[in-house]
Structure formats: C-alpha cells, structure tokens
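Q: Dropping a structure here in structure tokens format, bear with me for questions.
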Amino acid sequence: MSSILECIRTVGRGERGRKPLTFEQAYKVMDEYLDGQVGDDQMAMLLMLIRVQNETNAEIAGFVKAFQSRVPNLGADIDWPCYAGKRAAAGKPWHALAAKILADQGYKVLLHGYNDKPAGREHIEAYLEQLGIPLANDPQHAKTLLESDSIAYLPLANFAPMAETMIGWKSRYGLRTPINTVVRALNPGGGKVGLRGSFHPGFQQLHAEVENVIGEVSHSVISFKGQSGESEYNPKVSQTVWLSRPEGVESFYWSEQMLTELPLPAACVLGTPEEDLNTMANSVVATLTAVLFAQTHDRDRAFDQAFQYWTEYCS
C-alpha cells in the first residue's frame, strides 16, 4: 500500500498536530510516485502542503535520493545546475562561459537544467552553440560527451522527465512546489564538486544542508545567492556563502569584489555589449572562484586559480 495518505496526514494536520516528513518518509513516497503508485493530484497536494510549511532539509534530501536512485553516475567532476535563468537586465548567462573555461582546463563539467520559456529569462540552452557546449540526449550520451568534450548540457527532461512534469504544476495549480529545490540537487553526473545558486533568503543554507543530509562521500558543494537565482555568483554583493562537506556545513562571509583591471576578451561569444564586459569578467571570475573554493576550501587560492584561468582565456 502506498504511503501517500499517511504523508498527507502527517504534514496536513492542524497547527499543533502537523510535522514534517522524515528523510525515510520523503524517500519512500517519492519513490512510490516515480514508480507510478501515486497520482499527480495526490503528490501535488503533498508538495503544496510541504511548501506552505517550508520544506526541511530532510524532506528535500529524501526526494532527491529517490530520483538519484534512477540516474547512473556519469563520472563528472563538477555538478552545475542551471534552472532559474537570468533576468535579461542581469546580462547573458556568463556562468555557462565559466563552465566552459573549466572544461577547457580539463574538468569534466555536467550542466543540467530546465528552460522555463514563459518566464522570459536568459537560459543557457539558447547559447550552447556559441559556447561549444554539446547537448546530451540522455545520461549515456552525456557520459560519452564528458569523456570526449569534458562538458555537456543535459536537459531535465532527458534524465528526469517526471521532475519536469512536476515543475509544470506551477501553471496547473498556481504555486511553486519544493521540486524547484529538489532538481538543483539531483547531481545526475555524480560530480565531486557542485554549486547551488538560489534567490530567496534561507535557501542558501537549506541547499547546503540538503547535501549534508544526503551524505555523499567526497562531495563538496558551495551554496550562495545567485544572480537572478541562477548558479552564477554576483560579484557586486556581499553575502554569506555556505559550504557543505561530508564533515558538516560551514558558512563564510564574502565581501563584494568588483575589480576594474581584469583582462577582457576582444569580444564576448555570448554577445555581451562592450560596456558590460567588465561586469562579465568579474562575474565569470567570481563564479570560477566559487566553484574552485568548493574544491580547495581556500578563497584566496581559488581566486588566484580563477584569475589565471580567465587570463589564459582572454589571451
């Protein structure tokens, strides 16, 4: 018998009686849904109730684990979710350029995301050709591309189509569900290092804690308030970033860092206007720094390496 009714009762009772799902409950009910034992309306009801109460790290981790059990480890070095898209006024998707630079340095980078066309944002899917990032048809194709090109973009629909369906429930029910948090943590490539960009306060810590609850060995993730909620670090703001490692979760305060003398390329492959090239350069270097910090756990060392990679790209 499915556990969906028990889960709905658990989170949907009155104020004094309700409580969040445990990791085990969240895993079981999502596993049942993915196996076709639970209908869309029941699952949507559960997720709406969880969202109203604010999802916990255990609930998200349980949901993520259910999806991950269905995706093979693809051997990626870096896990790069790209789900929010950038507002047009915030510039082109410069984080994709940062990902390509890391791939050119020998890292295996798996980008994955969802193109929310009605939102009218700048998603990387529209810029893959300019950047030379191949599109993967399925996980096995992504694995082949990682081995040959060191980088690939795997659309959510090509590895977790039911998650894409669930994201679409916003149009049907008028409310986002916790699945928007879940998809960022799916790590379909099995990356050893990951980054999580989000927008709303509190979610930066939540994303880091989710990784720690999942408990992947040798998996390190940096979580921050991203540009427009995307996995692109904004160098214009000071903020607290969160680092998740198997040993636990730590927070670090990073001051804004807009440099005026960064090298600039002759032109931007993404079509960035000349007057925005310095902002682009700072955004790419800051994003590279964040990724490398998740690997080195040393911001100064990560920045020096990021600056070197950017200088080589511009030369």
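The values are calculated or read from the model by the stated rules, or taken from the named source; none is laboratory data. Quick caveat, the model's predicted, so the values are computed rather than measured. Note that we place each Cβ from the backbone using ideal geometry, even for glycine, and neighbour counts take in every protein chain shown. With ligands, DNA and RNA removed, areas are computed over all heavy atoms of the protein, side chains included. Shrake-Rupley method; radii C 1.70, N 1.55, O 1.52, S 1.80 Å.
Q: If N is the number of residues in segment 1-110, what value comes out of its Cα radius of gyration divided by 2.2 N^0.38 Å?
A: The reported ratio for this selection is 1.40.
Q: Classify segment 117-274 as rounded, prolate or oblate from the Cα gyration tensor: take a ≥ b ≥ c as the square roots of its eigenvalues, call it rounded if a/c is under 1.5, otherwise prolate when a/b beats b/c and oblate if not. The partial results should precede the final answer.
A: Numbers: a/c = 1.27, a/b = 1.02, b/c = 1.24.
Since a/c stays below 1.5, the shape of segment 117-274 is classed as rounded.
Q: Output the peptides 54-62, 91-99 sorted from most to least packed, where packing is the average of other Cβ atoms within 10 Å over each peptide's residues.
A: 91-99, 54-62
Q: Follow-up question, since we're still on this one. What figure, in Å² to the nearest 10, do you get for the accessible area of Met45 with a 1.4 Å probe and non-protein molecules left out?
A: Here the residue's solvent-accessible area equals roughly 100 Å².
Q: Hey, another quick one. Applying 1/(1 + (r/R0)^6) with R0 = 30 Å to the Cβ-Cβ distance of Glu15 and Phe199, what FRET efficiency is obtained, to the nearest 0.05?
A: 0.60
Q: Kindly identify segment 33-73 as rounded, prolate or oblate by the Cα gyration tensor criterion: order the square roots of the eigenvalues as a ≥ b ≥ c, call it rounded if a/c is under 1.5, otherwise compare a/b with b/c, prolate if a/b is larger, else oblate.
A: Since a/c reaches 1.5 but b/c is at least a/b, the shape of segment 33-73 is classed as oblate.
Q: Determine the percent antiparallel among the DSSP beta bridges restricted to the chain, to the nearest 5.
A: Details: 12 of 31 bridges.
In the chain, DSSP labels about 40 percent of beta bridges as antiparallel.
Q: Same structure again: Which pairs break 20 Å Cα to Cα here: Lys28/Lys65; Lys28/Lys143; Lys143/Lys225? Please list the in-between numbers first.
A: Working: Lys28/Lys65 10 Å; Lys28/Lys143 28 Å; Lys143/Lys225 29 Å.
Pairs exceeding the cut-off: Lys28/Lys143; Lys143/Lys225.
Q: Placing unit charges on C-beta atoms (Lys and Arg positive, Asp and Glu negative, everything else neutral), compute the dipole magnitude of segment 42-161 about its Cα centre in debye, rounded to 20.
A: Using Cβ point charges on Lys, Arg, Asp and Glu, segment 42-161 gives about 280 debye.
Q: Still on this structure: With a/c under 1.5 counting as rounded, go ahead and sort segment 53-95 into rounded, prolate or oblate using the C-alpha gyration tensor (a ≥ b ≥ c being the square roots of the eigenvalues; past the cut-off, prolate if a/b is larger than b/c, else oblate).
A: It comes out oblate by the Cα gyration axes.
Q: Turning to a different aspect of this structure: State to the nearest 20 debye the size of the charge dipole of segment 242-315 about its Cα centre, where the only charges are +1 on K and R beta carbons and -1 on D and E beta carbons.
A: 220 debye
Q: Would you mind getting the accessible area per residue of segment 37-148, heavy atoms of the protein chains only, 1.4 Å probe, in Å²? Could you put the intermediate results ahead of the total?
A: Details: 4420 Å² over 112 residues.
Counting only protein heavy atoms, the per-residue value for segment 37-148 is 39 Å².
Q: For Gln257, project a label point 7 Å along Cα to C-beta. Then give me every residue of segment 91-125 with its amide nitrogen under 20 Å of that point.
A: Counting backbone N atoms under 20 Å from the label point, the list is 94-103, 105.
Q: What's the local net charge at Asp31, with K and R +1, D and E -1, over the other residues with C-beta under 15 Å away?
A: Details: positive: Lys28, Lys65, Arg70; negative: Glu6, Glu24, Glu32, Asp35, Glu59.
My count for the surroundings of Asp31 gives -2.
Q: Same structure again: State the percentage of accessible surface on segment 1-96 attributable to carbon and sulfur atoms; use a 1.4 Å probe and exclude ligands, DNA and RNA.
A: 50 percent
Q: As a test of the formula, what do you get for the chain when each DSSP H run with n ≥ 4 contributes -39,500 (n - 2.57) and the sum is divided by the residue count, at 222 nm and rounded to the nearest 500 deg cm²/dmol? Mind showing how you got there, number by number?
A: Numbers: 13 runs with 139 residues, N = 315.
So the helix-based figure for the chain works out to -13000 deg cm²/dmol.
Q: Work from the charge dipole of the chain (Cβ charges, +1 for Lys and Arg, -1 for Asp and Glu, about the Cα centre) and give the residue of Phe224, Val210, Trp254 farthest towards its positive end.
A: In the chain, that residue is Val210.
Q: Is there a pair in Lys117/Lys192; Lys100/Lys192; Lys92/Lys192 whose C-alpha atoms are over 20 Å apart, and which pairs would that be?
A: Table pairs above 20 Å Cα-Cα are Lys117/Lys192; Lys92/Lys192.
Q: What number, in nm² with one decimal, is the all-direction average of the projected area of the convex hull of the alpha-carbon atoms of segment 187-315?
A: Values: hull surface 32.7 nm².
Averaged projected area of segment 187-315's Cα convex hull equals 8.2 nm².
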